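Just below is one structure, and these are the notes that go with it.
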Amino acid sequence: MDTTVFEDTPQHVSTGDLPKWGHVESLVQETMGLCRDDATGQVADYIPVLADTDPDLFGIALVSPHGRFYDAGDAQHPFSIQSVSKMFVYALAIHEHGHGLVRDIVGVNNTGLPFNSVMALELNAGHPMNPMVNAGAIATTALVAGETPEEKWETIRSGLSEFAGRELEVDEDVFLSEMATNHRNRALARLLVSYARLRPDADAMVEVYTRQCSLRVTAHDLAVMGATLASGGVNPVTGRRVVSADVCRDTLAVVAANGLYEQSGEWLFEIGLPAKSGVSGGIVAVAPGKGAAAAFSPRLDHAGNSVRAQHAIGHLSRVMGMNMFASAPQSGDVQEARW
Ligand code: GLU
């Protein structure tokens, strides 16, 4: 599609509101109760240290565009951000280069294949396809501001900290555990180099990417980070602008198409929200203009998405009216059509 035709058209914004805050709090509690006893799924163990995670941890956090928040269960329990980092690093890359260049280099289309697929790269002449799978995420990490790997890391650490509204730190155990076992990500990065889609410093980029995945967050942090994308790029807790409203819109579109790996279409169909998951068990979903919901629960389904976090956010999306595709007739006098 030739997107230049839209260039001179101003973008108007129209969303809606969450229910009244007291009701929001009781809906989050209701959701905790509904999902608490579900013990299906497996904790990720391909990063050895993650296998030690307590599988019963479960937390939900909700943040409004006005910075109101509600935390339930283990919403303050720290875990490594893993793939959820990809959406915020993507925002930093678009901030640096603009929408078009990042779209052309990294892509926006779903691969339909697992997050660490080598085949997806080979089938597409080394094109990473989108920033939410590992190959695209490593290519995206290489695009953030900074000449050296150290400068790029500082952009990511400080940028994601601004999204969270506090200084985030690396979980060194997780970082070292993944660095000792991430042969597949190194292979993906080298394939990107072989297709001239990444500069030759592949190993250094994988190291920065692995560090970004090891940043320690809580479900509360993820909800604040998501609420920043729901609020035109201004962190609703700190009041600081992190990225522009255009960067948020572009980021959320790509997250909607790709955030839950090869299950993204099904998620969008059922829940109707851009959401990103990670293998440590976190998911954040963003309702533009309305706020963000995050959940953390380490047991995952076969695609690597947290089982309880999907159920919790799915339930909240329905009862709080967050599905972006749902509408109701505005006129009270409705006749049934015959057909
Ligand atoms: N650091 C993990 C990896 O690259 C992230 C995967 C994920 O959360 O999906 O394998």
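The values are calculated or read from the model by the stated rules, or taken from the named source; none is laboratory data. Quantities reported herein were computed from a predicted structural model and do not represent experimental measurements. Neighbour counts are summed over all protein chains in view; Cβ atoms, including those assigned to glycine, are modelled from backbone coordinates with ideal geometry.
Scanning region 184-208 for residues that are surrounded by fewer than 22 Cβ atoms within 10 Å (Cβ to Cβ), assigned to a helix (DSSP H, G or I) and more than 9 Å from the ligand (Cβ to nearest atom) yields Arg186, Ala187, Arg190, Leu191, Val193, Ser194, Ala202, Asp203, Ala204, Glu207.
The residues of region 141-183 that are among the small types (Gly, Ala, Ser) and either without any contact (Cβ under 8 Å) to a residue 24 or more places away in the chain or assigned to a loop (DSSP other than H, G, I, E, B) (or both), listed by number, are Ala142, Ala145, Gly146, Ser158, Ser161, Gly165, Ala180.
Determine, yes or no, whether Ala257 is modelled with pLDDT of 95 or more and among the small types (Gly, Ala, Ser). No: the conditions fail for Ala257.
Reported count of residues in region 112-146, each being out of contact with any strand residue (DSSP E or B) (no Cβ under 9 Å at 6 or more places or on another chain), of a type outside the set (Phe, Trp, Tyr) and under 25 Å from Arg216 (Cα atoms), is 18.
Search region 16-36 for residues being assigned to a loop (DSSP other than H, G, I, E, B) and touching a helix residue (DSSP H, G or I) at 6+ places or on another chain (Cβ under 9 Å), and hand back the single one that is farthest from Glu178 (Cα to Cα). The selected residue is Pro19. The set of residues in region 300-321 being in a loop (DSSP other than H, G, I, E, B) and touching a residue at least 60 places away in the same chain (Cβ under 8 Å) consists of Asp301, Ala303, Gly304, Met320, Gly321.
Taking the criterion of being surrounded by fewer than 24 Cβ atoms within 10 Å (Cβ to Cβ), of a type outside the set (D, E, K, R) and either at negative phi or not in a loop (DSSP other than H, G, I, E, B) (or both), the only residue of region 281-299 that qualifies is Pro288.
Residue by residue, here is whether (1) exposed (fewer than 13 other Cβ atoms within 10 Å of the Cβ); (2) of a type outside the set (S, T, N, Q); (3) at pLDDT 95 or above holds:
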site: Met1; (1), (2), (3): yes, yes, no
site: His12; (1), (2), (3): yes, yes, no
site: Thr31; (1), (2), (3): no, no, yes
site: Leu62; (1), (2), (3): no, yes, yes
site: Phe69; (1), (2), (3): no, yes, yes
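Exactly one residue out of Asn109, Asn130 is at pLDDT below 90, out of contact with any Gly (no Cβ under 6 Å at 6 or more places or on another chain), at negative phi and of a type outside the set (A, V, I, L, M): that is Asn109.
Criterion applied to Val255, Val217, Val242, Val193 was being in contact with a Ser or Thr (Cβ under 7 Å, 6 or more places away or on another chain), of a type in the set (Val, Ile, Thr) and closer than 27 Å to Pro149 by Cβ, and the one residue passing it is Val242. Out of the residues in region 37-46 meeting the condition of being in contact with a helix residue (DSSP H, G or I) (Cβ under 8 Å, 6 or more places away or on another chain) and within 20 Å of Leu316 (Cα to Cα), tell me which one is surrounded by the most Cβ atoms within 10 Å (Cβ to Cβ). Among those residues, the one meeting the criterion is Asp38. In region 82-91, the count of residues that are crowded, with 19+ Cβ neighbours inside 10 Å, outside any helix (DSSP H, G or I) and among the β-branched types (Val, Ile, Thr) is zero. Test Glu169 against the criterion of being of a type outside the set (Phe, Trp, Tyr), closer than 30 Å to His66 by Cα and touching a Lys or Arg at 6+ places or on another chain (Cβ under 6 Å), and give yes or no. So Glu169 passes the test. Within the set His311, His302, the sole residue that is out of contact with any strand residue (DSSP E or B) (no Cβ under 6 Å at 6 or more places or on another chain), surrounded by fewer than 24 Cβ atoms within 10 Å (Cβ to Cβ) and closer than 22 Å to Gly33 by Cα turns out to be His311.
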